[in-house]
């Protein structure tokens, strides 16, 4: 028998597929087939970083992934408010490094969700 899948597991799988898809879409067409064999976003990102070592394309991919990570951000009930705040602030700081500015109101609303 197959174990039932929880809503949290479904959401994690959905976010994983979105992250992988976003990474692949951020690549130029000529590079997509080279990276399509990577089955999850983490190994795909490592391969992209290894291949491009921080060039403009890698920075674009990182920026896109950070934006997606921010959009999908949610704190879990087992995490403290400090932990949730720290995780959100890390994402916001990384976005700012990549030239993305967010209003404090947007960040506050994201924290409250």
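Evaluated at q = 0.16, 0.25 Å⁻¹, the base-10 log of the normalised Debye intensity for region 1-77, with identical point scatterers placed on the Cα atoms, takes the values -0.62, -1.18. How many angstrom lie between the C-alpha centres of region 1-52 and region 85-113? Cα centroid of region 1-52 versus Cα centroid of region 85-113: 23 Å apart.
Which whole-number percent gives the relative contact order of region 1-53, counting Cα pairs below 8 Å spaced six or more residues apart? Don't skip to the answer; put the middle values down first.
Working: 20 pairs, mean separation 17.1, N = 53.
Over region 1-53, the number comes to 32 percent.
Since every read-out is calculated from the coordinates, none of them should be taken as a lab result. Remember, predicted model here, so these are calculated numbers, not experimental data.
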